[in-house]
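The values are calculated or read from the model by the stated rules, or taken from the named source; none is laboratory data. Values in this document were obtained by computation on a predicted structure and should not be read as measured data. All Cβ positions, even for glycine, are placed from backbone atoms using ideal geometry, and neighbour counts span all protein chains on display. In case anyone asks, the SASA skips ligands and DNA or RNA and just uses the protein heavy atoms, side chains included. Shrake-Rupley method; radii C 1.70, N 1.55, O 1.52, S 1.80 Å.
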Amino acid sequence: MSSQSATDSGLVIIGGGIAFLHAVKVAAKSKRRVTAVCSNPFLEWPMTATMSLTRPGEHEKWLCQNPVDFTVKGVDYIFDAVTKISPADRTIQFAKSPQITYGAVVVATGNRLPLLLPVPGEGLEERKVLVREAVAAIQAAKTIVINGPGLVGMEMAGDAKVANPAARVVLLSRSGELLAGSHPGEWQQRVKAKAQELGIEVVKGRVTSAGAEDYRLTPCTLALDGSTQDSLECDVYIPGYMQGPNTAFLAEAAGLLNEKGQVVVNECLQSVARPEIFAAGVSTVPYKHPNSQGAVDHAAHAVAGALAVLEGRPPRPFKNGGLERSVNVVVAHGAGGYLFWDLDALPPPVKCCCCLCCGGGFPFCPPPCCWCCGPGCPTLCGRCCGGSGHSEGAAAFHERVLLKKFAAMRGYAGMGGAPAQQQMK
């Protein structure tokens, strides 16, 4: 992997997650010079973040520690955090590496989610130490507070409760409801009832303490507003909600970002202020569910637009497909957890595998559906008879089979392997 000199220009892709990996893969097929700026020298499968923070030894199962495993041949890589982009002279500055120039840029940096996702520029060992500290704190805590009633907060609270059943786990919601911004009332009630059944307290309130956007792994007192109580004491506090795009390096460039830190783009995912800059997943044009597919669609289109600009062609508008809400809701992963599938949103082949049509299960459905899961397919949709689409078994199947398949599909190669220095003979 070579480094790019300050006089070179071409397509630069900045990120470190699903959208970034796909963007690099697509761009590598072009004849242009491509530089991939990866914010960390490792990858974490983000869909398993809540498990990694609650179970000893789980983190490294979902960690790609050796860049050789996930880099693309023919692409130049820089493993460093971007500190500033100067559109006027088209330069990119880094925390440690020499600056480079660019012809076009795709920004695919994802969103800020403290503790659950690595900080750009964070080293591998530094990240491992932090995750181990979090696991130990959660397993020893008497009271755990998760702030955020969305999909991420729900998973974090659920996995914390499964990992530490004796702990009081509180899920804070400004409205007192769960999934209010993403799901209809029936779903909100269903998920909230299951969370409470598992022992998770849903408390109405907003944290007003200073530093509410940062996690705490030591005892603290949280000041609350809009609640029946003025404060809440806890041993662990985790904000479980997205806190805006990782785009601070564009803050000094006039007109590039809005007040939320999103790149202001047109219908082509192209910056309105700087037409050579495109954004995937961090712009004013959101993608739809499933999230990983939406990220991939954004990435491919942003790369196509950037290449078009480099070649003097106009980019094409992005067609936003997908679903309005997630195809599943994970209350907690694996054994002891619970998962809801949105059966109405599943594609026909998956519905067939869920035995929704006949409710018969083995041997009525063709392979590789129920035959690979056992009689009646008890672990995919919960039970075939009636096709409920939710159960503890569904959560176990999701963890044991689907998460690994999704990771491989999205380019997370070398997951669970040893770091590069441990592989040297």
Distance between modelled label sites at GLN243 and LYS288, nm, 7 Å Cα→Cβ extension: 3.1 nm
Once amide H atoms are placed 1.01 Å from N in the peptide plane, what residues at a sequence separation of 5 or more from VAL12, or on another chain, have their amide H within under 5 Å of its amide H? THR35, GLY103, ALA104, VAL105, VAL106
With label points built 7 Å along Cα→Cβ from the Cα atoms of ARG313 and LEU402, find their separation and express it in nm. 3.7 nm
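Given axes a ≥ b ≥ c from the Cα gyration tensor, I'd like to know whether segment 157-224 is rounded (a/c under 1.5), prolate (a/b larger than b/c) or oblate. The partial results should precede the final answer.
On the way: a/c = 2.43, a/b = 1.29, b/c = 1.89.
It comes out oblate by the Cα gyration axes.
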Solvent-accessible surface (1.4 angstrom probe) belonging to HIS398, in square angstrom, nearest 10: 10 Å²
Amide H contacts under 5 Å for ASN111, placed H, 5+ residues apart: ASN246
Distance between segment 9-34 and segment 70-147 - C-alpha centres, whole angstrom: 17 Å
Whole-Hz couplings from phi, Karplus 6.51/-1.76/1.60, listed for segment 206-215; x for Gly and Pro: 10, 6, 10, 5, 4, x, 5, 8, 10, 6
Under the Karplus relation with 6.51, -1.76 and 1.60 and θ = phi - 60°, whole-Hz ³J(HN,Hα) for segment 53-69, x at Gly and Pro, equal 8, 10, 10, x, x, 6, 4, 5, 5, 10, 10, 9, 8, 10, x, 4, 6
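Can you show me the helix-derived [θ] at 222 nm for the chain, built from DSSP H runs with n ≥ 4 at -39,500 (n - 2.57) apiece and divided by the number of residues, rounded to the nearest 500. It would help to have the intermediate numbers written out before the result.
Details: 10 runs with 100 residues, N = 425.
For the chain, the value works out to -7000 deg cm²/dmol.
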Classify segment 113-153 from the C-alpha gyration tensor, please: rounded if a/c falls under 1.5, else prolate or oblate depending on whether a/b exceeds b/c. oblate
Two-decimal Rg/Rh of segment 229-288 from alpha-carbon positions, Kirkwood Rh? 1.20
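Net charge around GLU177, counting only other residues with Cβ within less than 14 Å of its Cβ (Lys, Arg = +1; Asp, Glu = -1)? Each step should come with its number before you reach the end.
On the way: positive: ARG174, ARG190, LYS192, LYS194, LYS204, ARG206; negative: GLU186, GLU201.
Net of charged neighbours comes to +4.
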Taking only C-alpha pairs under 8 Å that are 6+ residues apart, what is the relative contact order of segment 291-343 in percent? 22 percent
Share of Cα-Cα pairs in segment 55-169 beyond 26 Å, whole percent, is 39 percent
On a 0 to 90° scale, report how tilted helix 291-310 is relative to the longest principal axis of the chain, with both axes built from alpha carbons and the result rounded to the nearest 10. 10 degrees
Taking the chain as the reference, fit the longest principal axis to its C-alpha atoms, fit the long axis of helix 151-163 to the helix C-alpha atoms, and give the angle between the two in degrees, 0 to 90, nearest 10. 50 degrees
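Could you size up the charge dipole of segment 270-343 around its Cα centre, putting +1 on the beta carbon of Lys and Arg and -1 on that of Asp and Glu, and report it in debye to the nearest 20? Write down the numbers at each step before the final one.
Working: 6 positive and 5 negative charges, 30 e Å.
For this selection, approximately 140 debye.
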Connecting C-alpha atoms closer than 10 Å in a GNM of the chain, tell me which of THR35, THR143, THR228 has the biggest fluctuation. THR228
Quick one: ranking ARG216, ARG174 by accessible area, 1.4 Å probe, largest first, what do you get? ARG174, ARG216
Mind listing the phi-derived Karplus ³J(HN,Hα) values for segment 192-203, rounded to whole Hz, using 6.51, -1.76 and 1.60 with θ = phi - 60°, and x for any glycine or proline? 4, 4, 5, 4, 5, 5, 7, x, 8, 8, 9, 10
Where does helix 124-140 land angle-wise versus the long Cα axis of the chain, in degrees 0 to 90, nearest 10? 20 degrees
Assign one of three labels to segment 28-117, namely rounded, prolate or oblate, based on the Cα gyration tensor with a ≥ b ≥ c the square roots of its eigenvalues; rounded applies when a/c is under 1.5, prolate when it is not and a/b is larger than b/c, and oblate otherwise. prolate
Long-range HN-HN contacts of VAL265 with modeled amide H, under 5 Å: VAL272, THR284, VAL285
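If each residue of separation counts as 0.36 nm, what is the full-extension length gain between THR83 and ALA251 once their alpha-carbon separation is subtracted?
On the way: separation 168, 0.36 × 168 = 60.48 nm, distance 1.01 nm.
Extra length from THR83 to ALA251 when fully extended: 59.5 nm.
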Solvent-accessible surface (1.4 angstrom probe) belonging to ASP230, in square angstrom, nearest 10: 130 Å²
Radius 9 Å from Cβ of LEU323, net charge of other residues (Lys, Arg +1; Asp, Glu -1): 0
Round to the nearest 0.05 the FRET efficiency obtained for ALA212 and LYS29 when R0 = 45 Å and r is the Cβ-Cβ distance. 0.55
Descending principal axes extents, segment 187-294, alpha-carbon based, whole Å: 50, 33, 24
Nearest-10 value in Å² for the accessible area of ILE100, using the 1.4 Å probe: 0 Å²
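Report the charge-dipole magnitude of segment 217-330 in Debye, nearest 20, computed about the Cα centre from +1 at each Lys and Arg Cβ and -1 at each Asp and Glu Cβ.
On the way: 7 positive and 11 negative charges, 134 e Å.
Dipole about the Cα centre, nearest 20: 640 debye.
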